[in-house]
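Q: One structure coming up, written as structure tokens, with questions to follow.
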Amino acid sequence: MTVPATHSSLFYDGARHYATEAGGFLRDGLERGHRGLVMAPARRVDQLRSALGRDADEVTFVEDTVAYTPQWNVYRVMLDFAATSPGVRSCVVAEQTLSGRTPAELVDYRRLEAAINLVFAGHDVDLLCPYDAGSLPAHLLDIAEHTHGVVLAGGVLTPDARFDDPSDLLAVLAAVVPPPPEATTLDCSSPADVSSARRLVRARGAELGIDPCRVDDMALAVTEVLTNALLHGQPPARLHVYEAGATWVCHVHDSGRGLVDPLVGLLPPAQPSDHGYGLWLARQLCAAVDVGTDSSGTHVRLHTRTAARSNGRRQASARRS
């Protein structure tokens with residue numbers, strides 16, 4: 001019988017504290033016959049390699065610039081790792097550099113951390129998420145405090161009284177943000193209008209000077225989401241294009257009340273399908289994706305960065321794989 005998955009947080013203060021706690025977590029798992037996976041910034045990878053010594057050879061290390069590009073790719077890394085040894089439990093350390101994330105990406109990261117508790121509940125995995133308590137601001141530490149049921153401290157796991165019900169938190173995070181009055185809006189009544197939507201995305205992206213690779217990724221994500229809205233939603237369907245702080249948003253809205261399951265599109269489908277595949281692909285192409293419903297219908301907001309930080313090559317690689 002599969003032992004329930006665990007999802008623990010670690011609040012560390014300094015490199016030594018990190019290496020002791022996270023290294024002890026991994027070594028304990030290895031001694032139990034589990035397989036080790038680390039997804040972390042390069043400096044933390046080096047610290048864990050040093051702390052583990054020869055045991056580091058039994059651990060797979062993936063830098064966060066790969067595992068979290070885009071953020072939802074981390075789920076696929078975990079699934080692919082587990083698939084190489086079915087039936088063997090995984091002990092995983094997962095941490096990314098949060099300081100450079102945009103507000104939209106941080107909302108999506110909170111969603112990712114909350115959803116782990118539901119998506120991986122039946123998997124053979126012990127997941128530890130370290131947070132740098134010595135440098136991260138309170139609003140980032142707050143993510144850890146409310147999305148992990150257990151805290152690791154001094155080598156001991158204890159329940160976290162601040163843990164929020166994941167389903168309730170995901171519902172809050174699905175609140176719809178309406179498009180601003182200045183948004184460019186395109187009405188789409190048939191699949192033939194999807195090509196017009198792509199042209200609009202490319203034209204506006206070029207006007208804003210966004211990296212062409214990211215504009216192409218956004219155009220593909222809009223194609224997938226808008227096509228789903230036309231096939232499975234209710235007319236009218238609209239595409240709203242606008243800037244929202246540090247991100248550029250393509251907002252697909254239809255009048256249907258679908259996508260009631262907040263976990264749709266969080267994992268790659270076993271095979272391409274029209275149920276969740278478009279959203280999964282969009283999450284591999286965009287910096288952040290918000291999905292929600294209100295009295296006017298279903299809303300999917302696709303974000304990409306407006307800043308000149310090109311993730312195009314990595315995202316294109318994710319699309320091809």
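The values are calculated or read from the model by the stated rules, or taken from the named source; none is laboratory data. Keep in mind that what you see is a predicted model, and the values were worked out from it rather than measured. Virtual Cβ from ideal backbone geometry, glycine too; neighbours counted across all protein chains shown.
Q: Among the listed residues VAL88, VAL92, VAL59, which satisfies the condition of being in contact with a strand residue (DSSP E or B) (Cβ under 6 Å, 6 or more places away or on another chain) and either modelled with pLDDT under 95 or farther than 23 Å from PRO268 by Cβ (or both)?
A: VAL59
Q: Could I ask something else about it? What residue, of ARG16, ARG49, ARG35, is without any contact (Cβ under 8 Å) to a residue 60 or more places away in the chain, surrounded by fewer than 17 Cβ atoms within 10 Å (Cβ to Cβ) and closer than 26 Å to GLY154 by Cβ?
A: ARG16
Q: I've got another one for you. Go through the range 132-150 and report how many residues are crowded, with 20+ Cβ neighbours inside 10 Å, closer than 19 Å to ASP164 by Cβ and of a type outside the set (Val, Ile, Thr). Step through it out loud before you land on a result.
A: Here is the first cut: in the range 132-150, the residues crowded, with 20+ Cβ neighbours inside 10 Å are 132, 143-144, 147-148.
Applying the additional criterion that residues be closer than 19 Å to ASP164 by Cβ yields 143-144, 147-148.
Checking the rest, the ones that are also of a type outside the set (Val, Ile, Thr) come to 144, 148.
Counting residues in the range 132-150 that are crowded, with 20+ Cβ neighbours inside 10 Å, closer than 19 Å to ASP164 by Cβ and of a type outside the set (Val, Ile, Thr) gives 2.
Q: Something else about it: With (1) closer than 19 Å to ALA288 by Cβ; (2) of a type in the set (Phe, Trp, Tyr); (3) surrounded by fewer than 20 Cβ atoms within 10 Å (Cβ to Cβ) as the list, and TYR109 as the residue in question, which single condition is left unmet?
A: TYR109 satisfies all of (1) closer than 19 Å to ALA288 by Cβ; (2) of a type in the set (Phe, Trp, Tyr); (3) surrounded by fewer than 20 Cβ atoms within 10 Å (Cβ to Cβ) except (3).
Q: Would you mind telling me which numbered condition in (1) under 25 Å from LEU112 (Cβ atoms); (2) of a type in the set (Ser, Thr, Tyr); (3) in a helix (DSSP H, G or I) SER9 fails?
A: Going through the list (1) under 25 Å from LEU112 (Cβ atoms); (2) of a type in the set (Ser, Thr, Tyr); (3) in a helix (DSSP H, G or I), SER9 breaks only (3).
Q: Out of the strands (runs of 3 or more DSSP E) lying entirely within the range 109-206, which hold 3 or more residues that are in contact (Cβ under 8 Å) with a residue 40 or more places away in the chain, under 22 Å from the mean Cα position of the chain (by Cα) and not assigned by TED's automatic domain parsing to the domain that holds GLU243? Before the answer, list the steps.
A: Numbers: elements: 125-132, 150-153, 156-159, 184-188.
Passing ranges, in order: 125-132.
Q: Could you count how many residues in the range 59-96 are part of a loop (DSSP other than H, G, I, E, B) and either small (Gly, Ala, Ser) or more than 16 Å from HIS34 (Cα to Cα) (or both)?
A: Adding up the residues that qualify gives 9.
Q: Sticking with this structure for a sec: Can you give me the number of residues within the range 81-95 that are within 18 Å of the chain's Cα centre (by Cα) and either β-branched (Val, Ile, Thr) or crowded, with 20+ Cβ neighbours inside 10 Å (or both)?
A: As a first pass, look at the range 81-95 and keep what is within 18 Å of the chain's Cα centre (by Cα): 81, 92-95.
Checking the rest, the ones that are also either β-branched (Val, Ile, Thr) or crowded, with 20+ Cβ neighbours inside 10 Å (or both) come to 92-95.
Result for the range 81-95: 4.
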